[in-house]
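Novice: Before I ask anything, let me first share the structure, which is written out below as structure tokens.
The values are calculated or read from the model by the stated rules, or taken from the named source; none is laboratory data. Values in this document were obtained by computation on a predicted structure and should not be read as measured data. Note: ideal-geometry Cβ built from the backbone for every residue, glycine included; neighbour counts use all protein chains shown. Areas reflect the complete protein model, heavy atoms only, side chains present, ligands, DNA and RNA absent. Shrake-Rupley method; radii C 1.70, N 1.55, O 1.52, S 1.80 Å.
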Amino acid sequence: MAERQICVSTDVVECGLAFRFGLRQQGRERQAILIRFQGVVYGYLNECAHIPIELDYNLGDVFDLSRQYLVCSTHGAYYDPRNGLCLGGPCAGKRLQSIAVFEQDEAIWLTEEGNRNE
């Protein structure tokens, strides 16, 4: 399994700005985000499940004001940070596309094979 270090653990702050990064998926470059919620790091493609537009209008700003949900700045859809499930908005019931990541040795890593989809 090929792995690539994305960032150091301290770059992803609890309920803070998302860490943005690029990856190659389905034959093209895609934008993705890392967030930390309740101590766990999650990775998602930076695309609303309604229409594939980036969630953050201001770079990395994906949490709502309560810091409990991810929100699409364009459509107002809001998502559970733990599983990407849309809880309300134009795509209720759909999910953000998760990215296989893990935290180890004070770094966050991308599992390349789990994300290439080519």
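Novice: Among (1) open to solvent by less than 50 Å² (accessible area, probe 1.4 Å); (2) closer than 16 Å to residue 19 by Cβ; (3) without any contact (Cβ under 8 Å) to a residue 24 or more places away in the chain, which single condition is residue 60 missing?
Specialist: (3) is the only condition that residue 60 fails.
Novice: Further question on the same structure: Quick check: is even one residue across segment 107-115 crowded, with 21+ Cβ neighbours inside 10 Å, part of a strand (DSSP E or B), of a type in the set (Phe, Trp, Tyr) and at pLDDT 95 or above?
Specialist: No; the residues of segment 107-115 include none that is crowded, with 21+ Cβ neighbours inside 10 Å, part of a strand (DSSP E or B), of a type in the set (Phe, Trp, Tyr) and at pLDDT 95 or above.
Novice: Among the numbered criteria (1) touching a helix residue (DSSP H, G or I) at 6+ places or on another chain (Cβ under 8 Å); (2) without any contact (Cβ under 8 Å) to a residue 40 or more places away in the chain; (3) among the acidic types (Asp, Glu), which single criterion is violated by residue 106?
Specialist: Among (1) touching a helix residue (DSSP H, G or I) at 6+ places or on another chain (Cβ under 8 Å); (2) without any contact (Cβ under 8 Å) to a residue 40 or more places away in the chain; (3) among the acidic types (Asp, Glu), residue 106 violates only (2).
Novice: Out of curiosity, is residue 43 over 15 Å from residue 4 (Cβ atoms) and either surrounded by fewer than 18 Cβ atoms within 10 Å (Cβ to Cβ) or in contact (Cβ under 8 Å) with a residue 40 or more places away in the chain (or both)? Full working, then the answer.
Specialist: Values: over 15 Å from residue 4 (Cβ atoms): no; either surrounded by fewer than 18 Cβ atoms within 10 Å (Cβ to Cβ) or in contact (Cβ under 8 Å) with a residue 40 or more places away in the chain (or both): yes.
So residue 43 fails the test.
Novice: Output the number of residues of segment 82-100 satisfying the condition of being closer than 17 Å to residue 35 by Cα, free of Cβ contacts under 8 Å to residues at least 60 places away in the same chain and surrounded by 14 or more Cβ atoms within 10 Å (Cβ to Cβ).
Specialist: Matching residues across segment 82-100 total 8.
Novice: Moving on. Considering only segment 23-33, how many residues are modelled with pLDDT of 95 or more and in contact with an Asp or Glu (Cβ under 7 Å, 6 or more places away or on another chain)? Explain how you work it out, then say what you get.
Specialist: From segment 23-33, those modelled with pLDDT of 95 or more are 31-33; that's our starting set.
Filter again for in contact with an Asp or Glu (Cβ under 7 Å, 6 or more places away or on another chain), leaving 31.
Qualifying residue count for the region: 1.
Novice: Is one or more of the residues making up segment 15-36 among the basic types (Lys, Arg), touching a Leu at 6+ places or on another chain (Cβ under 7 Å) and surrounded by 14 or more Cβ atoms within 10 Å (Cβ to Cβ)?
Specialist: Going residue by residue through segment 15-36, those that are among the basic types (Lys, Arg) are 20, 24, 28, 30, 36.
From the residues that got through so far, the ones that are touching a Leu at 6+ places or on another chain (Cβ under 7 Å) too are 20, 30.
Keeping just the survivors that are surrounded by 14 or more Cβ atoms within 10 Å (Cβ to Cβ) gives 20, 30.
There is at least one residue in segment 15-36 that is among the basic types (Lys, Arg), touching a Leu at 6+ places or on another chain (Cβ under 7 Å) and surrounded by 14 or more Cβ atoms within 10 Å (Cβ to Cβ).
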